[in-house]
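Each value in this text was obtained by applying a stated rule to the coordinates, not by laboratory testing. Model, not experiment: these values are computed from the prediction. A quick note on method: Cβ atoms are made from the backbone with ideal geometry, for glycine too, and the neighbour counts reach across all protein chains shown.
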Amino acid sequence: MDLEEAVERFDKMGKEEITSLCEESYKLLLEEPPLLRLNFERMLVVGDLHGDLESCVKAAKCFEEDEEAGIVFLGDYVDRGLYQIGVINTVLSMKLKNPERVFLLRGNHETPSMNFSYGFLYLLIRRFRKDYEKVYDAYLKVFSEMPFAALLNDSVILLHGGLARSIKRIKDFEEAGKGGVEPEDTRIFETIWNDPSEDIEDFSPNPRGPGIYYFGKNALQSFLKENGLRIMVRSHEPVAKGYEVLFQGSLIIVFSCRFYGIEPAALDLRREEYSFISLG
């Protein structure tokens, strides 16, 4: 499937198709815990997409070439970009087709507060007019059941934003629940919002807004050591090459949206090694 086909198939879906897709996706996601425990020899990891259907299609092609691989999307499917509807419909369709190999995590833009400010809600209003509420409610129902973290091979933690101050153990993710339509639990909120900083050791307030923090190398490495983990993989911030490695190799950032003037990338994660795939 190329970009043109994806636009026709997924970005131009009608309201009945979308609500049906969302309902079936909701049923699957409802059965998943807040923290996914995954075991794969190879896992593809896709960062923020923000309506970048071209990156989404290229990542899907890489996934389809290996029948044993899994793929994790780290959230932020909508807002800002050209094909927001196309991206969310594509990843939901992938989930329905391969529920045991496709995993959709929640980002900070899978919330009404972000959709109101950054375009997704108004896109739906323009597209569906008087029917927009029905369509948007269907998407919100799906967003509210997305897990917000994944543990791969008991050694890698994957999430959207970063380490939360009150997350000390792996089971803290599981005990937090999923947070509903607009997560307020600090464990979830900070996980989808926090950022790393090499200028601090532990935690420091983040100018993104109230309740959001920077986390430093000491905080992350203490968490990894306490839980027997190797690395954390996150997205949430555009980086020039589409990826960046921080904290002496213990943190990987992957960003998959080209609309920030960067080279979009995905992470090809194996048990003992990793590489990056250009989505440009």
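With contacts defined as alpha carbon pairs under 8 Å and 6 or more residues apart, what's the relative contact order of the stretch 92-175 in percent?
Details: 57 pairs, mean separation 24.1, N = 84.
Relative contact order of the stretch 92-175: 29 percent.
Report relative contact order for the chain in percent, whole number only (criteria: Cα-Cα under 8 Å, sequence separation at least 6).
Values: 636 pairs, mean separation 57.9, N = 280.
21 percent.
Test of understanding: ordering 62, 22, 56 by Cβ neighbours within 10 Å, fewest first, what list do you get?
Details: 62 16, 22 22, 56 30.
With the fewest neighbours first, 62, 22, 56 line up as 62, 22, 56.
Given R₀ = 22 Å, FRET efficiency for residue 20-residue 133 by Cβ-Cβ distance, to 0.05?
Numbers: r = 17 Å, r/R0 = 0.76.
Computed FRET efficiency for residue 20 and residue 133 comes out at 0.85.
With +1 on each Lys and Arg Cβ and -1 on each Asp and Glu Cβ, how big is the dipole of the stretch 3-278 about its Cα centre, in debye rounded to the nearest 20? Walk me through the numbers before you get to the answer.
Working: 34 positive and 47 negative charges, 67 e Å.
The calculated dipole for the stretch 3-278 is roughly 320 debye.
Suppose R0 equals 30 Å; then what is the FRET efficiency for residue 226 and residue 42 from their Cβ-Cβ distance, rounded to the nearest 0.05?
Working: r = 27 Å, r/R0 = 0.90.
According to the calculation, E is roughly 0.65.
Can you work out the FRET efficiency for the pair residue 241 and residue 68, with r the C-beta to C-beta distance and R0 = 25 Å, to the nearest 0.05? Write down the numbers at each step before the final one.
On the way: r = 28 Å, r/R0 = 1.10.
FRET efficiency, residue 241 to residue 68: 0.35.
Any chance you could give the angle, 0 to 90 degrees and rounded to 10, that helix 217-226 forms with the longest Cα principal axis of the chain?
That helix lies at roughly 90 degrees to the long axis.
Would you calculate the volume per residue, in Å³, of the smallest convex hull containing every Cα atom of the chain?
Dividing the Cα hull volume of the chain by its residue count gives 114 Å³.
Angle check, please: helix 53-64 long axis (alpha carbons) against the longest principal axis of the chain (alpha carbons), in degrees 0 to 90, nearest 10.
The angle comes out near 70 degrees.
Express in nm, to one decimal, how much length is gained between residue 96 and residue 116 on full extension, taking 0.36 nm for each residue of separation and deducting their alpha carbon distance.
Numbers: separation 20, 0.36 × 20 = 7.20 nm, distance 2.74 nm.
Length difference between fully extended and current span is 4.5 nm.
Fully extended, how many nm does the chain gain between residue 171 and residue 82 (0.36 nm per residue separation, minus their Cα-Cα distance)? Kindly include the intermediate steps, with their values, before the conclusion.
On the way: separation 89, 0.36 × 89 = 32.04 nm, distance 3.77 nm.
Full extension of this stretch gives 28.3 nm more.
At a Cα cut-off below 22 Å, give the lysines reachable from residue 27, other chains included and same-chain residues fewer than 8 away excluded.
15, 95, 97, 134, 141, 178
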